[in-house]
Amino acid sequence: MAEDFRRKIAIIGLGRVGSVLARLISESPHQFLGGFSRRPSRAEDALSRIGTGRLLEPGAVGEADVVIISVPDSKIGQVAGDLSSLSLPYGNMTFIHCSGSLGREVLEALEAKGAQTGVFHPLFPFIEFEFSLENVRGSYVAIEGPEWLFDFAKDLGFLPFPAPSKKELYHLGAVYSSGLLLALLSFSMEIADELKIPREAYLKLAEAALRGSFEFDLSKAITGPWKRGDEEVIKKHLEVSRDPALYLRLLERIRKILGKD
Ligand SMILES: NC(=O)c1ccc[n+]([C@@H]2O[C@H](COP(=O)([O-])OP(=O)(O)OC[C@H]3O[C@@H](n4cnc5c(N)ncnc54)[C@H](OP(=O)(O)O)[C@@H]3O)[C@@H](O)[C@H]2O)c1
C-alpha cells in the first residue's frame, strides 16, 4: 500500500463499535491516533483495551485525515455541530458515522465547512470487545461517501457494499436479522429452561438452520411440520404456544414462502 493511502484516524465515541474499529485500524495499514468519548475515564479504559492511541482533545482531531463518529445515533448531529465550530483543516478531512438508520445529511454542518462526509455501517452485533474482535472480520459494511472508503473497509477486513438510500427499510432488514431473530429465539430458551434441557441444543439447531439458508433458497431451507403437512402437530403447538397469535402470523409467512397459502 502506498504511503499516501495510509490514513490517520481519530475516533469520537470509543464505545462498543468505536473500540473495535480502533483495534482493527491498528492492525491494518492505517494508523489509529486516538480519540475521546463523553467521559474521559471511559475513553482511557477503552484506549487501554485497544492497546494503542491517546486521549485527544476535540481540537486535536485535526491531526487526523479521517474522523469516525461512533456515538449513539441521537448524538451524531450534535457532535457534528460541535466539531464544525472548531478550527480544523476541514478541507483535508473526512468525517464518517456508523449508523445504519441515518445518511450523510446528519453531518451537513461539517460538509458546509468543506469536509468530506460518509457513512460506515457494519452489519455486525458489537456485543462485547473480545467477541467482536474474534468474529467481526468478514462482515458486510454499508458505505456512503468517497470511493476510497470501500478500500479502507477492505483493509479492515470488511466486505463493503453501497448503502441503500431507503434507510428505514434497510435498517429494518438489519434488525430482522439480529434483534428480532433473537427475540424469536427467546421462546426456545424459555422452553429449554422449563424442560431443563440445554439451551445450546436449540441454539445449535438455529445455527444449522441459518447455515442452511446460506446454501439453499428459504423455501428449501425451511423444515418442519408445515413442510410435511402434519396439521395435528401444528394444532398441538398452538395449544402450548407462549404466543399463539405470533405463531399463526409466522405460520402464514411460512406458508407463503412454501407456496402453500
Ligand atoms: N452496537 C452495535 O452492534 C452497532 C452495530 C452497527 C452500528 N452501530 C452504530 O454505531 C454507533 C455507536 O454505537 P455503539 O453501540 O458503539 O454505542 P455505545 O457502545 O453506547 O458507545 C457510544 C460512545 O459514544 C460516546 N458518546 C456519547 N455521547 C457523546 C458525545 N456527545 N461526545 C463524545 N462521545 C459521546 C460514549 O461515551 P461514554 O462511554 O463516556 O458514555 C460511548 O463511548 C451508533 O451510530 C450505532 O447505531 C452499532
Original post:
Only one of 21, 14, 33 is surrounded by 21 or more Cβ atoms within 10 Å (Cβ to Cβ) and more than 19 Å from residue 155 (Cα to Cα); which?
Top reply: 14
Original post:
Any residue at all in the stretch 104-122 that is assigned by TED's automatic domain parsing to the domain that holds residue 21, surrounded by 13 or more Cβ atoms within 10 Å (Cβ to Cβ), without any contact (Cβ under 8 Å) to a residue 60 or more places away in the chain and farther than 20 Å from residue 77 by Cα?
Top reply: no
**OP:** Starting from the stretch 206-222, take each residue that is small (Gly, Ala, Ser) and list its partners that are outside any helix (DSSP H, G or I), counting only C-beta distances under 9 angstrom and pairs at least six apart or across chains.
**Re:** 209/222; 209/223; 212/222; 212/223; 213/222; 219/258; 219/259
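Does residue 53 fit the bill of being closer than 22 Å to residue 173 by Cα and more than 12 Å from the ligand (Cβ to nearest atom)? Before the answer, list the steps.
On the way: closer than 22 Å to residue 173 by Cα: no; more than 12 Å from the ligand (Cβ to nearest atom): yes.
Judged against the criteria, residue 53 is not a match.
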Original post:
Taking residue 76, is it closer than 20 Å to residue 122 by Cα, crowded, with 17+ Cβ neighbours inside 10 Å and within 11 Å of the ligand (Cβ to nearest atom)?
Top reply: yes
Original post:
Restricted to the stretch 36-70, and to residues that are buried (at least 21 other Cβ atoms within 10 Å of the Cβ) and of a type in the set (S, T, N, Q), which residue is nearest to residue 116 (Cα to Cα)?
Top reply: 70
**OP:** Tell me which of these residue 185 doesn't satisfy, since it passes every other one: (1) under 19 Å from residue 125 (Cα atoms); (2) loosely packed, with under 13 Cβ neighbours inside 10 Å; (3) among the aliphatic types (A, V, I, L, M).
**Re:** (2)
Subject >> Long-range neighbours under 6 Å by Cβ, at least six apart or interchain, first residue assigned by TED's automatic domain parsing to the domain that holds residue 145 within the stretch 69-94, second of a type in the set (D, E, K, R) and away from the ligand (no atom under 16 Å from the Cβ) >> reply: 84/113; 90/113
Original post:
Can you tell me which residues in the stretch 169-195 are within 16 Å of the ligand (Cβ to nearest atom) and in contact (Cβ under 8 Å) with a residue 24 or more places away in the chain?
Top reply: 170, 171, 174, 177, 178
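The values are calculated or read from the model by the stated rules, or taken from the named source; none is laboratory data. As the structure is a computational prediction, the values presented were derived from the model and not from experiment. Backbone-built Cβ (ideal geometry, glycine too); neighbour counts: all protein chains shown.
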